[in-house]
Amino acid sequence: MLWIALSFPHLALDQFSRVTPESLPLAVTSGEGRGERVLDANPAAASYGVEPGIKPSSAYGLCPELLIKPRDQVQEQRALASLADWAMGFTSAVSLAEQALLLEVAGSLRLFNGLDALCRQLEKGLAELGYQASLAVAPSRSAAELLSRVKDGIRVESLAELKKVLSPVALRHLQLDAKVLEGLAALGARKIGDCLALPRAALARRMGHQVHTYFDRLLGERPDPVTFHRAAPHFHRCLLLPAEAETLDGINFALRRLLLELQGYLSGQAASVTGLQLGLRYRDQRTSWLDLQLLRPGRDGEHWFWLLQQQLEQIELVQAVTELELKTAQIVKASAQNLSLFGAQRDGADRALLLERLQARLGVEAAYGLAISGDHRPEQSWYRVAPGTQSDIVQNRPRPGWLLENPERLLDRGGSPVYGESLELLQGPERIESGWWDGQDSARDYYIARHPQGALYWVYRNCRDDRCWYLQGVFG
Amino acid sequence: MERGVVKLEQLLQRPDIWQANRPIQQDDRQCISSGYTELDQALSGGWPRVGLMELLVPQQGIGELSLLLPALSSLSQAGHWLAWVQPPWVPCAVAVQNAGVDLSRLLIVKTEKAADCLWAMEQILRSGIFAGVLGWPQVLSTKAQRRLQLAAEAGGCWGTVFSRRPAGAAMSVLRLQLLANAQHLSVKILKARGSWSSKSISLSRHVVDSALFSPFGS
């Protein structure tokens with residue numbers, strides 16, 4: 001068993017600082033009314049002298065542009081749960097503690113190439129999500145949690161070293177009742193090493209059984225059962241922007257973080273998603289939704305960010321945006337795919353990505369392939385399909401390279417059509433008479449005609465109604 | 001300072017001096033045969049396999065598509081993908097298929113704005129999955145040409161843009177002017193990278209029109 005503990009000493013502040021730029025001074029307060037005091041401040045605010053413990057009014061005096069937010073403990077719990085979802089990408093055994101996460105990673109070491117690499121990835125991921133964390137590794141759960149609160153970066157890999165590492169730690173870090181801690185201090189113990197040196201049975205009789213079990217669990221001598229976290233089946237996150245965003249830049253920062261969380265959640269579930277919905281809530285509580293459909297299930301946060309950017313650039317922000325909401329429609333469990341030795345499959349995947357990009361910016365109808373239908377009428381002889389669709393129908397007739405959307409009426413001069421100048425009929429007539437079944441019955445004589453300046457046109461003459469010349473195609 | 005006098009003949013022997021009267025021989029991998037022998041000879045091989053080509057046509061429909069169809073068809077039969085961006089009219093699927101282009105590997109992109117057309121062309125050229133791209137942008141500045149040329153080089157793709165008149169200096173690999181009359185289609189090389197010729201080739205109309213009149217390669 002090897003436990004990694006991630007404790008978040010600045011969780012209250014990180015909720016807000018992860019979605020605001022670093023240069024903006026930010027402070028979080030706790031308490032109410034007269035007793036409200038600054039709990040935590042970001043480095044930009046600290047440089048002005050804003051420290052934990054001062055009153056908000058003093059803080060404003062030190063830094064006029066300071067943004068002060070009251071602590072939101074409900075939000076903090078939700079954040080911890082979503083961090084647990086993200087951490088499930090590294091191991092399936094994740095447990096929540098107070099302002100901390102505990103990961104049991106003995107089974108993941110080989111996949112992540114060793115403890116160092118795993119710790120580095122955890123730290124990098126948390127930095128990208130915007131949380132400050134303190135990491136510790138220990139063979140027992142309680143010890144890992146305790147060491148993560150003491151200092152960042154303590155690593156103990158075997159039980160034998162554990163006692164040695166724990167000994168110099170001060171008594172106040174122990175998670176015991178205040179009365180018990182006072183009792184231990186009264187006995188003359190200043191560090192954990194002193195407590196461990198005392199005879200255990202006598203200590204248990206004097207301080208109570210819970211001290212005995214606590215120290216046993218700390219040293220890994222007694223089993224320490226925990227309940228493991230289970231990820232929610234759906235992903236639904238709301239991110240409150242601390243400062244209202246009137247431009248796209250204000251939203252992008254937060255959006256990126258949200259998408260990273262989704263990516264982490266999906267990798268924890270070994271799943272991918274086929275569609276996303278992004279909601280922008282405005283000041284007057286209305287929400288406008290952006291829908292993003294993907295051609296293939298995917299898990300790539302950067303790609304979604306790019307696609308959403310294209311959609312966001314098209315809309316106009318009529319009001320300031322106060323909150324972002326992200327939810328996913330369906331989660332698809334990823335199935336293992338065989339990689340092909342040659343590049344054909346990879347090209348298909350690249351093509352799908354390119355089509356997604358084109359459709360995101362230009363619209364779903366903008367990129368298409370062609371297919372031939374069996375109809376003889378030229379305007380019905382083709383239809384749009386998804387690019388790459390095979391079609392077997394062949395029409396072996398001379399046709400122009402281009403068709404006009406609406407046939408253009410031409411004048412008649414001595415039996416020949418006129419398009420600028422008189423056209424010379426070269427080949428024809430080809431009689432196309434069809435369409436009695438859908439009301440667009442037509443009987444036309446098609447000719448290939450040459451313009452004196454060289455171009456070839458495809459013209460027809462109506463056999464029935466008006467017996468006029470029309471231009472329908474151009475041989476380009 | 002004294003400099004040695006060098007004879008002109010000695011200078012001309014040096015390999016690092018480019019001489020305009022020596023034609024550049026392109027090898028087969030770098031060109032696509034246009035399907036017309038005189039054109040292949042004038043272009044030392046054919047259309048450029050990688051890079052942007054500009055065709056200046058005074059009026060759409062004088063035969064520019066028929067000029068390119070043999071090459072497009074050979075690319076398509078070899079299994080490559082083609083894309084047409086913002087075509088001036090509706091492409092006739094029957095004619096395109098009869099000319100030898102496989103419809104299951106043809107992508108048509110319709111855009112509204114000129115900026116979107118250039119953007120789509122750039123994305124497709126750069127992607128590396130397409131072998132040939134034809135585009136009809138409304139406006140084409142020198143800067144846009146340069147971007148498309150770089151995108152074509154990055155993606156290893158042959159791109160062609162059709163425009164009415166030249167816009168500034170040519171940033172493309174090849175710039176051709178097409179003129180037509182009832183008997184001939186003349187192709188004038190305004191700029192060809194690596195060569196100095198400004199030849200004009202006259203192709204008989206019958207030869208050009210046969211790309212669409214009868215299926216190519218059958």
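The values are calculated or read from the model by the stated rules, or taken from the named source; none is laboratory data. Computed from a predicted model, the values in this text were never measured in an experiment. Note that we place each Cβ from the backbone using ideal geometry, even for glycine, and neighbour counts take in every protein chain shown.
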Log entry, pairs with first residue in the range B:170-183 being more than 14 Å from chain A (Cβ to nearest Cβ), second being among the small types (Gly, Ala, Ser) and part of a strand (DSSP E or B), beta carbons closer than 6 Å, six or more apart or on different chains, reads B:Val173/B:Gly51; B:Leu174/B:Ala192
Is there a residue in the range B:43-59 that is free of Cβ contacts under 8 Å to residues at least 40 places away in the same chain, out of contact with any helix residue (DSSP H, G or I) (no Cβ under 6 Å at 6 or more places or on another chain) and among the small types (Gly, Ala, Ser)? yes
Candidates A:Leu162, A:Leu203, filtered to the one that is buried (at least 16 other Cβ atoms within 10 Å of the Cβ), assigned to a helix (DSSP H, G or I) and touching a His at 6+ places or on another chain (Cβ under 7 Å): A:Leu203
Reported set for the range A:120-150 where residues are without any contact (Cβ under 8 Å) to a residue 40 or more places away in the chain and crowded, with 19+ Cβ neighbours inside 10 Å is none
Give the residue, chosen from A:Leu259, A:Leu241, A:Leu219, that is among the aliphatic types (A, V, I, L, M), modelled with pLDDT of 85 or more, under 23 Å from A:Leu308 (Cα atoms) and crowded, with 16+ Cβ neighbours inside 10 Å. A:Leu259
Can you find, within the range A:266-285, the residue that is surrounded by the fewest Cβ atoms within 10 Å (Cβ to Cβ) among those that are hydrophobic (A, V, I, L, M, F, W, C) and closer than 11 Å to A:Gln330 by Cα? A:Ala271
Of all residues in the range A:362-383 being of a type in the set (Asp, Glu) and crowded, with 16+ Cβ neighbours inside 10 Å, which is nearest to the other protein chains (Cβ to nearest Cβ)? A:Glu379
Top-ranked residue in the range B:104-117 [being under 21 Å from the mean Cα position of the chain (by Cα) and hydrophobic (A, V, I, L, M, F, W, C); ranked as farthest from the other protein chains (Cβ to nearest Cβ)]: B:Ala114
Could you count how many residues in the range A:436-476 are more than 14 Å from every other protein chain (Cβ to nearest Cβ), at pLDDT below 85 and either within 56 Å of the chain's Cα centre (by Cα) or at positive phi (or both)? 8
State the number of residues belonging to the range B:124-140 that are closer than 16 Å to A:Tyr368 by Cβ and either among the β-branched types (Val, Ile, Thr) or more than 17 Å from the chain's Cα centre (by Cα) (or both). 2
For the range A:100-119, which positions are touching a residue at least 60 places away in the same chain (Cβ under 8 Å) and either surrounded by 17 or more Cβ atoms within 10 Å (Cβ to Cβ) or touching a strand residue (DSSP E or B) at 6+ places or on another chain (Cβ under 8 Å) (or both)? A:Ala100, A:Leu101, A:Leu102, A:Leu103, A:Glu104, A:Val105, A:Leu115, A:Leu118, A:Cys119
Could you check, for the range A:327-340, whether at least one of its residues is modelled with pLDDT of 80 or more, within 19 Å of the chain's Cα centre (by Cα) and within 19 Å of A:Glu261 (Cβ to Cβ)? yes
Being surrounded by 13 or more Cβ atoms within 10 Å (Cβ to Cβ), assigned to a loop (DSSP other than H, G, I, E, B) and charged (D, E, K, R) is the filter here, so list the residues in the range A:45-80 that pass it. A:Glu51, A:Lys55, A:Arg71, A:Asp72
Just wondering, is there one or more residues in the range B:66-84 that are within 7 Å of chain A (Cβ to nearest Cβ) and either in contact with a strand residue (DSSP E or B) (Cβ under 6 Å, 6 or more places away or on another chain) or more than 26 Å from A:Arg377 (Cα to Cα) (or both)? no
Just one of (1) over 24 Å from B:Lys143 (Cβ atoms); (2) among the hydrophobic types (A, V, I, L, M, F, W, C); (3) at the interface with chain A (Cβ under 7 Å from one of its Cβ atoms); (4) touching a Leu at 6+ places or on another chain (Cβ under 8 Å) trips up B:Val94, so point out which. (4)
For helices (runs of 4 or more DSSP H) lying entirely in the range B:100-218, having 2 or more residues that are among the aliphatic types (A, V, I, L, M), farther than 30 Å from A:Glu421 by Cβ and at pLDDT 85 or above picks out B:114-127, B:142-155
Number of positions in the range A:354-392 that are out of contact with any strand residue (DSSP E or B) (no Cβ under 8 Å at 6 or more places or on another chain) and within 22 Å of B:Ser76 (Cβ to Cβ): 3
Log entry, pairs with first residue in the range A:1-28 being among the basic types (Lys, Arg), second being modelled with pLDDT under 90, beta carbons closer than 8 Å, six or more apart or on different chains, reads A:Arg18/A:Leu129; A:Arg18/A:Gly130; A:Arg18/A:Arg257
Scan of the range B:35-77 for residues that are surrounded by fewer than 22 Cβ atoms within 10 Å (Cβ to Cβ) and hydroxyl-bearing (Ser, Thr, Tyr), ordered by number: B:Thr37, B:Ser44, B:Ser74
Taking the stated definitions as given, is A:Asp14 in contact with a Phe, Trp or Tyr (Cβ under 8 Å, 6 or more places away or on another chain) and closer than 29 Å to A:Val321 by Cβ? yes
In the range A:384-425, which residue that is more than 9 Å from every other protein chain (Cβ to nearest Cβ), of a type in the set (Gly, Ala, Ser) and on the phi < 0 side of the Ramachandran plot is nearest to the chain's Cα centre (by Cα)? A:Ala386
